[in-house]
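Where a number appears in this text, it was derived from the coordinates with a stated rule and is not lab data. Because the structure is predicted, anything quoted here is derived from the model rather than measured.
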Amino acid sequence: MGNCCAAPADPEKKRARRKRGKEKRPNPFAVDYNRGPAPTLVVLRNLAGRNLGSRYELGQELGRGEFGVTYLCTDVDTGERFACKSISKKKLRTAVDVEDVRREVEIMRHLPGHPHVVSLKDTYEDDVAVHLVMELCEGGELFDRIVARGHYTERAAAAIMRTVIEVIQECHRNRVMHRDLKPENFLFGNKKENAPLKAIDFGLSVFFRPGERFTEIVGSPYYMAPEVLKRDYGPEVDVWSAGVILYILLCGVPPFWAETEQGVARAILRSVIDFKRDPWPRVSDTAKHLVRHMLEPDPEKRFTAQQVLDHAWLQNASKAPNVNLGETVRARLQQFSVMNKLKKKALRVMAEYLSVEELADIKEIFEKIDINRNGKINFEELQLGLHKLGHQISDSDVRILMEAADVDGSGTLDYAEFAAVSIHLRKVENDEHLHKAFSYFDQNKSGYIEIEELSDSLADDLGANREEVINAIIQDVDTDKDGRISYEEFAAMMKAGTDWRKASRQYSRERFSSLSSRLMRDGSLQLRSEGR
């Protein structure tokens, strides 16, 4: 559900703003309680109240996600600072979206206090938004801290992995499967050197019973276990995701990488691990042994969280090699983090450009396809409608699309399901939206994104090593090496399989269920362990 606890801006700038005026920042989601209709959608129960402003004062924006905005907020009585994630009800387009929010809150309330899990303080809900007041984590993202330190070792990676596995163990002990573990979902609690690392996002988490199997494809592409793609999985997927994080911590790149999403899925299903690239020859055998067992394609043979914690590499973490893993790894981690920030910024811009006319167009298409006029589209209607609209798509692919979009498993698509798929497809694939996102960065309208423009656009996301970060982006995206980013290079970056953004439930269903269905029909794809 987005980054809830990003670090706030420079305190000096904050003090300067206070001098210019101490007026209370208006909450864009706030409502006038003296007028207006009663809420039409009730998301949460057991609220602290309806009027967030009666207890908390909102400050600067900390981040934006798919569903809402996160602000720094201060308890007006105690002065204590928190993060408030305000989720717009307009963005909760389907029953699944609403259930996601309810379950996220329920899980955060259910998990007992843990030093490495962000805590939920209060919940408020008014006519237009749900507000989650949470512990503030202002120490920055995991990779940013690693890059800033400069000297990065196997011993440091072991300390981080112990925290990640302790979070998994706590979740599984309380019958919670996280399902979206990735580096972006771990932030440091404060800016001190010994700050605790905390898991921050439970938007895709679910409760599970022993032996229960799940079929829903959710999560972020690079961190998905092979059994997720095969639609038959349990809590073992969290250890796989942690194994991917460990691999990245030790060498700077994901273990299963490709230029396309289909290529990523194939690599995950093959599960062949490369231990030859730099710096793997310098990494200890015990570390590599642990990676192999965490990235075991058979979930029954994969290490449990407890087995990972009992492994010699973590048991002797303080004795793990303290030799620098090298500038190459540090540069890769920096590039990984920076590209994530750039894509998130671009996607936020694109999301703002889905016009009223486009929404009306989706509604019109739905009504044209709904021949029976019953408010639902069955397979035959979708098949005929897509053909009439000029989409040359095979019957088997229509079936795949239908299965991916049918989030409630009814065998038909209601308007909300159809609209959710259409909106997510348009955001990523619509060239007009890509052009608008490109124009946001191309401030002087030269047709290129130049170094100065990129630096200005990402000013709030960059630290002290600003120049180094910008050069890393340019180097990665600028394929013709002319020192600037053309529209074609920008579009290729946004459409490529190297997609570091959070995959929403709808996104991962519509894209990866299609991929997994195709891949599993391909008899040449077998789970193998050669080269492991």
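Across segment 256-318, the fraction of Cα-Cα pairs farther apart than 17 Å, rounded to a whole number, is 51%. Counted residue by residue at 0.36 nm each, then reduced by the alpha carbon distance between them, the extension gain from Ser439 to Asp298 reaches 46.1 nm. For segment 90-103, 3J(HN,Hα) computed residue by residue from phi via the Karplus equation (6.51, -1.76, 1.60; θ = phi - 60°) reads 5, 7, 8, 7, 10, 4, 5, 4, 4, 5, 4, 5, 4, 5 Hz, glycine and proline entered as x.
For Gln60, the residues whose amide H sits under 5 Å from its own are Leu72, ignoring neighbours fewer than 5 places away on the same chain, with H placed 1.01 Å from N. Subtracting the Cα-Cα distance of Ile371 and Asp278 from their residue separation scaled by 0.36 nm leaves 27.6 nm.
For segment 272-280, backbone phi angles converted through the Karplus equation (6.51, -1.76, 1.60; θ = phi - 60°) give residue-by-residue couplings of 8, 9, 8, 10, 9, 5, 5, x, 3 Hz, Gly and Pro being listed as x.
In terms of distances greater than 30 angstrom between alpha carbons, the cross-link table entries Lys85/Lys436; Lys89/Lys436; Lys230/Lys376; Lys89/Lys182; Lys192/Lys481; Lys89/Lys192 yield Lys192/Lys481; Lys89/Lys192.
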